[in-house]
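Before any comments, here is the structure.
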Amino acid sequence: MKNLILILIIAFAAVQSQGNTEPQQESKTVIAFSGLKLRTAPNMDSKVLKVIPFAEKLIVESYDSTLLSIEWLEGRWAKVSYEGRKGYVFDAFLTSLPIPFNDYELSAGDGDLSYTLLSWLENNYRLTAKADTVEYNNHIKTVQQHAGGITASIKESPHAFQIRVELPDIRVGDAYNLLKSMLKTKSERERFENSALFISEPDGSIDQIKIETEAPVEIRKTNSGVEIVVTSYQHICGL
């Protein structure tokens, strides 16, 4: 009898262990402006079931193990559920980051994302410590610590405003799509895309993106996630 009880306990523990290793479902948001195609199979040639609109949420059930690059963005095929339908999407156009919606989180039509990025950060991630500000001869530097392990460094001078944000546990493409979603007009987004330079590592993976606009942007892969740097130059006219 004792042996039977022991066998049942071991069997129950094994079942519980197997249950704990199953991938948990997670909610993600579509960050493709033209919508994201829900397909019947994990390839570009499969039938399109539906186009999921920008900012819609869906449930990811599992991921394919193969890393791919489509439109310079790296990702995997994900099996998802949306409005009762199941299918596959390319997860480079999914995000767990908050989508910018408020006017102060969107550009003013000039493509400058420096103050916009700071507004988005302060609106969505609370400060976890008092900001540290240091004055130098020609600039002021402020360092902020935010929830989620996010660090922001802000440098202000009479000639430029620069924000440097470290976002843990996200991909280079996630940061690229986030910044593009902050651009209010289609022409700004097109200029952003056309000015982007994707820099790859020897293995072909993208580790840096530079966007050479009037307010240049750099996105770099780090050991823990990515770093975004946006610099806005103050144009001073002489009289």
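Less than 5 angstrom separates the built amide H of ALA55 from those of VAL30, ILE31, ALA32, all sequence-distant by 5 or more or on a different chain.
Label positions at ARG76 and LYS47, each projected 7 Å from the Cα along the C-beta direction, are separated by 2.7 nm.
Count the net charge of all other residues whose Cβ sits under 11 Å from the Cβ of GLY75, scoring Lys and Arg as +1 and Asp and Glu as -1. Let's see the in-between values first.
Details: positive: ARG76, ARG171; negative: ASP64, GLU71, GLU74, ASP91, ASP174.
Value of the local net charge: -3.
Net charge in the neighbourhood of PRO216 (other residues with Cβ under 11 Å of its Cβ; Lys, Arg +1, Asp, Glu -1) is -3. Of the residues TYR88, TYR82, ranked by 1.4 Å probe accessible area with the largest first, the sequence reads TYR88, TYR82.
Across ARG220, ARG76, ARG126, mean-square fluctuation computed from a Gaussian network of the chain (C-alpha pairs under 10 Å connected) peaks at ARG126.
Can you tell me the length gained on complete extension of the stretch ASN138 to LYS86, counting 0.36 nm per residue apart and subtracting the Cα distance? Can you show the working numbers first?
On the way: separation 52, 0.36 × 52 = 18.72 nm, distance 5.66 nm.
Residue separation times 0.36 nm, minus the Cα-Cα distance, leaves 13.1 nm.
Per residue, how much accessible surface does the range 166-239 expose to a 1.4 Å probe? Answer in Å², no decimals. Don't skip to the answer; put the middle values down first.
Details: 3960 Å² over 74 residues.
Result: 53 Å² of accessible area for each residue.
Counting only helical runs of four or more DSSP H residues, what would the 222 nm mean residue ellipticity of the chain come to if each run contributes -39,500 (n - 2.57) and the total is spread over all its residues? Before the final figure, lay out each step's value.
Details: 4 runs with 49 residues, N = 239.
The helix contribution divided over the chain gives -6500 deg cm²/dmol.
Ranking HIS159, HIS146, HIS139 from most to least accessible surface, computed with a 1.4 Å probe over the protein chains only, gives HIS159, HIS139, HIS146. When the charge dipole of the range 141-219 is built from unit charges on Cβ atoms (+1 for Lys and Arg, -1 for Asp and Glu) and taken about the Cα centre, the candidate among LEU167, SER181, SER205 whose Cα reaches farthest toward its positive end is SER181. Computing the accessible area with a 1.4 Å probe over protein heavy atoms, can you report the carbon and sulfur percentage for the chain? Of all accessible area on the chain, carbon and sulfur atoms account for 51 percent. For the options ILE140, ILE59, ILE206, a Gaussian network treatment of the chain with springs between C-alpha atoms closer than 10 Å singles out ILE140 as fluctuating the most. Couplings 3J(HN,Hα) for the range 130-144, derived from phi with the Karplus relation 6.51 cos²θ - 1.76 cosθ + 1.60 (θ = phi - 60°), are 5, 4, 9, 10, 10, 9, 10, 4, 10, 7, 10, 10, 10, 10, 10 Hz, where x marks Gly and Pro. Amide H contacts under 5 Å for SER195: none, restricted to partners 5 or more places along the chain or on a different chain, H placed in the peptide plane at 1.01 Å from N.
For the options ASP103, ASP45, ASP169, a Gaussian network treatment of the chain with springs between C-alpha atoms closer than 10 Å singles out ASP45 as fluctuating the most.
Available extension along the chain between ARG220 and ASN123 is 32.6 nm, counting 0.36 nm per residue and deducting the alpha carbon span. Other residues within the sphere of radius under 12 Å centred on the Cβ of LYS155, judged by their own Cβ, net out at 0 (K and R +1, D and E -1).
Between SER157 and THR66, what is the FRET efficiency for a Förster distance of 45 Å, r being their Cβ-Cβ separation, to the nearest 0.05?
Details: r = 46 Å, r/R0 = 1.03.
That pair, SER157 with THR66, gives E of 0.45.
Between the amide H of ILE170 and those of VAL226, distances stay under 5 Å, these residues lying 5 or more places away or on another chain, with hydrogens modeled in the peptide plane. Solvent-accessible area of TYR233, all protein chains in place: 120 Å² (probe radius 1.4 Å, heavy atoms, ligands and nucleic acids excluded).
Distance from the C-alpha centroid of the range 147-174 to that of the range 31-96: 28 Å, rounded to the whole angstrom.
The values are calculated or read from the model by the stated rules, or taken from the named source; none is laboratory data. Just so we're clear, the structure is a prediction, and the values are computed from it rather than from any experiment. Neighbour counts are summed over all protein chains in view; Cβ atoms, including those assigned to glycine, are modelled from backbone coordinates with ideal geometry. What goes into the accessible areas is simple: the full protein's heavy atoms, side chains included, and nothing from ligands, DNA or RNA. Shrake-Rupley method; radii C 1.70, N 1.55, O 1.52, S 1.80 Å.
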